[in-house]
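Notes follow once the structure below has been shown.
Please treat every number below as a calculation from the coordinates, not as lab data. Keep in mind the model is a prediction, meaning the values are calculated, not measured. Note that each Cβ is placed from the backbone with ideal geometry, even for glycine, and that neighbours are counted across all protein chains shown.
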Amino acid sequence: MAPNPVKGKNYLDQLDNARCEGNWDAVPELVRKVRKHAPSRACLALTAETEHGIVTATKSQQSSTARPSTAKSDRISPQDLEVVSQLPKLEELVEEEQTYAEDRFQAQVSAGWLLWVTGEYDIAYARLPETLDETTVETLDNLSEWTRVCIIKSAYLRANCLARQSKEAQALGVFEATIPPVTHTWNNHGSRKELRYWTELLLTEYCMLSNGCHAQGQVSLEEGNSLACFRSWARWWDISRGSTISGGYGLQGSVPRRRIWFDYFQALTTILQQDLAYPTAYPTLSTEDTLRCQLWLELSQVQNAYENLLLSETSFPRADEDREEVEVFVQMLMQNWTILTGRGWKDQDLGSDTKAGVTLSVLETLYRASMKTFHSTAILRSIFTAHLALADFDLAFKVFDSYLEIVKKGKARVEKTGHQEKSLDDDATVLETICLCISALTRFGGGDAAEKARGLATELEHWVEKVGPAATNGAMQSVREDGGGFPATAARVPAKTIALAWQSIGLAQAQWARTTFDASARTDVQKKAIASLRMSLSPDIGGIADVRGVFALSLLLAEQRELTTAIELVKAALMTKAAEDDALVLRNGPFWKERSLIPLWHLLSLLLSARQEYTLAARTCECAFEQFKDPSVLFGRAQMYKSDHLNEVEKSHDAVKGLVDDMDDFEKENILEVKMTQLAIVEIVEGPRVAVNASLELLTLFARLFGSSHPKQQNLAPPKTSNLPRTSGTFRSIRSAFGSRVGRADAAGPVRHNGDKVDNNDDRPQTATTTITRAPTIQIHGAQTEPRSRRKSASNEKRSESARRNSLRKKEPQTARPRASSSGPSPHSPTVIDGEPFYTPIGEGLQASDIFAYTQGRNPLSQPSPSSNGPEYVRRPSQGSDSIPLPRGPDMSGISMEAIEPLGASLPLIQFEKQHEDKRRSATLIKIWLMIAGFYRRASMHDDAKEAVAEAQKIVQKMEADMGKEPQDSGKSLGSSSLRDPGWAGKKSIEELWADVWCEIGHLSLARGDVDAGRLGFEAALTHYPDHPAAIVGLSNILLDLYCETFVPPKAFPGLNLVGGSEAMPGTDQSTADIISPPGKPADLAKSLPREPLGLGAFKNPKKQPSKPSEADKSPTPPHHESPLVPPYKTSSLPLLDRLAARDRAYGLLSNLTKLGSGWNYSEAWFALSRAYEESGQLDKAKEVLWWCVELEEGNGVRQWNCVNTGGYVL
């Protein structure tokens, strides 16, 4: 029968389709028909027949051995392959074929494949064509699908031959040259079985070979095409997703598909964690984004693909199974999350995503992974960290409780059975997790959190003692009490982890000492905290100092008045060189050391101010910013840090941002606190008027840090103050908390003493020449010589709060003990203290003499007192002399700081909701307004002070209104946030903010001479917050003045003014009061009443000579109901019972305050308490408390110690 061209063409198409679909059973019959009807295609027919024989032999070999077809030892013998005999004929046809270039190319590939299958790899590599000759075809776009399959097959076989000869680099070159045409094939042709098979085989081999070369160091991930294999795999995966089964094994005996995705994910993870250059070859995403944004998008896509395959192919484990691959994925996921949400990456690096969104996505992945494991401690630990980063504090600590319970049971099980559990965290990881929990509790929690942290610290201490002391090699030698070793999980604990554990123990104890109500135990807890923090800096466990531990120890020493040791410790930290590690910059952000040292500079400034080195203290505040070398580094462009009306016209998109734009609110608040300390020092040295002029800097800085959401500070109309209800409290003329002592030179206005005439006030002259040497750079905006509204003060307030902070140092009575001499505002010549000079750091661009000077003598109270909780524990002076022994020098024993480096377990960057951020920022703004109000008040600019208080009052009212609008079930669990509880990470509750406002209103009323209004302000403050220290002291002083009758209280009721203008009743010569109450002798009533205070003992003056009883005394005392009652409008003094009640109430308030963590070192409260003791006749206790006040005042800076860091002891 003659050939039929039509049928021949039809059979050729069917043969091509059968080969492409992998229908090899139909190939022999189609080859026979092609030879019959298309004899000119003999080369094609023999090629198809050879391919059929190879596939048949390969399938039988795989079914019998079940081994990979690409294994080196997996070859087919020529005896088992019938088509081997046809190889010479096939090669002959290849030489003869000159018409059909594709047939010739397919035959060459088939011959090479035949040699490769039989193990002749060298010959196969030589026979296999590199590619189809473009000169033999019209265009590559019209190639048949099987020809494209042969191109891929040839590339794979050639690369495999090279890899078998250990020529991996040349094999990678073959793969890289093949990828572009292969990519063109995917994009323009449908993927059928054989094309998918050989493409996946090619890409799998390419990815595995490339990953092996990366692992061996032959290829670097920093090369531009290092991810070409994985990106080609991902592109092929997306194109063929509809026809490819997800997951599983693409080839029989090959690696699982998720292994390729894992290697891809691992490569991107390495690039992210090592901050390598992002490879740009064969991009799969838009190149318009930044490189970091492209890295994040690619990483998230690969992560999702691998996660879907992993979790879909992983079942829940049996009792004897582990899911190690799931835990490895979680570990890599959390490592990436730490960097992506850390300070080294910015929000714009994540594109349209946010750090909170990334954390939420990771948390959902963790919960999905937890369903494929059973009590995995690694996943629970990661869930705890993720919830913590999302500010889900309640849920985070519940997860931690579950984690710790599972760990303790697991450890007990391992010690009992001796069988290791792979899914159980080792001791080092457990210790770091407990430390992280303690840090979160002490930084963001209140009293209950501090108590929980204390319990964890006790457990952590037992755990540290269990694992044993640090070995000389930096690891831990663990030995049980019975002489045997601990399991492998406790075999080695790094020295850094032990140091971190002791640091966390000290932080928990310090926080508990600040919040406990047990005043008798506070001193012991503080000593334990200091000992634990010293242990964390011990050279025996590494010698690497953590800024957090140094800061906490220095702050504790400052609170214990060990100023010299605290200064030396801060000196060592500031002079220590930071560890050179790029990973620290990636995780902690640029300038991480300088940013972490801002609270240390601030603390040093307060320590110097406690030495009355005010000029150097102000200079130290500047050093906190000058360590960044250029102001634009911290604040961006210079024009960005201006007043509001200038910033409104300079909002260009290309403006250079500063570090403050990437800081969290806690860091920004620390910067504000440094500025506030600067102004406090300016007020002391230059007077309140200069501080008033410089106060605008605070509002400008607030606007730069947090945005211009604060209200305008110029020409403010204060809100109408609501009238407070009159309470049944008593009255007094306001007196200074430290009595009638001489105030500072910047005391606000003339002062009245106990109702006497106005004394001459030696105000500091407000001249332009009165400046601080190298003082903070503060612009004076229109300094006024006279305030806008000023009235003579009619109150008995002796001095302002800022004056009180240093008044005890100013007072030099004859009975005072010798003490260190004070230093003035000007610098003085260097001297030596305790045989050692003051801290003199030498830094680039900073002169030591400009920062730290030397003082004449030293603070005699720099060593801790036996106690800090009351007069019962105060050191008493010697009876023979008022002098005290010389104090010790700085105690730096057992502290080693070779380098500054974070120890680990640092808190993640907490992603608070905007609502919570607004609350903290509003509270910060209120604090600023109240500080400005204090400046105005002490400068006798009362109307301006009232306006500043009104601004603070507006903000509090808005916060209270916003809280009422909050839905009950909205947001994250920030604790029981309410009017009285700020919740987790809250700055102050609304009630405490109201107390601050009313307390300032009370002080302002006293400055204006309105004692009654001042009392109402303090009473209102205590109504909102009963433990408000300043309000308690202010009200107690009024109550004690009332007891002393230093002023005439206002009449409760006015007199009766009859229509005639006379008090006489018609037809009588007696007044209305005489008719109602006959005239009597109030003195008789006073003598009949007991003079013993409630609970304080009788006042007995031993020097008072007993007087002879008068005739009136001999007369019998009339009954109480017959005693004369003075009309209210005629009273000139209060009854004795009311006076005693006022004194006892003052004693009760002060006694309770001095036992609290907020008042144990509050000298104002202790001085008022000494006055209460003195008025009750307990002179010994009063003397003890006064000496305690001297100690506290000598160790206090211009502001309270807790202003140094917004996170307490935890940086």
Long-range amide H partners of Glu97 with built H, under 5 Å | none
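Could you give the length gained on full extension between Glu29 and Asn10, defined as 0.36 nm per residue of separation minus the Cα-Cα distance, in nm? It would help to have the intermediate numbers written out before the result.
Values: separation 19, 0.36 × 19 = 6.84 nm, distance 1.34 nm.
Here the answer is 5.5 nm.
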Just subtract the alpha-carbon distance of Phe316 and Leu221 from 0.36 nm times their residue separation and send over the number in nm, one decimal.
-> 30.7 nm
Kindly write out, for the range 319-336 in residue order, the coupling ³J(HN,Hα) from the Karplus curve 6.51 cos²θ - 1.76 cosθ + 1.60 (θ = phi - 60°), rounded to whole Hz, with x marking Gly and Pro.
-> 5, 9, 10, 10, 10, 5, 5, 5, 5, 5, 4, 5, 4, 5, 4, 6, 5, 5
Here the FRET efficiency for Lys965 versus Gln274, based on Cβ atoms and R0 = 60 Å and rounded to 0.05, is 0.80
Does a label point 7 Å from the Cα of Glu898, set along Cα-to-beta-carbon, have any residues of the range 556-592 with amide nitrogen under 16 Å, and which are they?
-> 576-581
What residues qualify as long-range amide H neighbours of Val219, i.e. H under 5 Å apart, gap of 5 or more or another chain, H built at 1.01 Å from N?
-> His214
Enumerate the amide H contacts of Ala578 below 5 Å, restricted to partners 5 or more residues apart or on another chain; note that Pro and chain-start residues carry no placed amide H.
-> Ile900
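Determine the gain in length on full extension of the stretch Glu325-Lys958; use 0.36 nm per residue of separation and subtract their C-alpha separation, reporting nm with one decimal.
Details: separation 633, 0.36 × 633 = 227.88 nm, distance 5.21 nm.
Stretched out fully, the Glu325 to Lys958 stretch lengthens by 222.7 nm.
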Which of the chymotrypsin sites (Phe, Trp or Tyr not before Pro) found in the range 354-398 are loop residues per DSSP with 10 or fewer other Cβ atoms within 10 Å of their Cβ?
-> none
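Can you pick out the pairs among Lys416/Lys528; Lys914/Lys965; Lys577/Lys629; Lys496/Lys629 whose Cα atoms lie more than 24 Å from each other? Numbers along the way, then the final one.
Details: Lys416/Lys528 34 Å; Lys914/Lys965 15 Å; Lys577/Lys629 16 Å; Lys496/Lys629 31 Å.
Checking Cα-Cα distances, Lys416/Lys528; Lys496/Lys629 exceed 24 Å.
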Rounded, prolate or oblate: which fits the range 194-234 when a ≥ b ≥ c are the square roots of the eigenvalues of the alpha-carbon gyration tensor, with rounded for a/c under 1.5 and prolate only if a/b beats b/c?
-> oblate
Separation of alpha-carbon centers, the range 143-169 and the range 1170-1211, rounded to whole Å | 84 Å
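With a 10 Å radius around each residue's Cβ, average the other Cβ atoms per peptide and rank 906-913, 957-964, 563-570, highest first. Please list the in-between numbers first.
Numbers: 906-913: 18.5, 957-964: 13.2, 563-570: 25.4.
Answer by packing, highest mean first, reads 563-570, 906-913, 957-964.
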How many nm is it between the label spots at Gln335 and Thr417, if each spot is 7 Å from the Cα in line with the beta carbon?
-> 2.9 nm
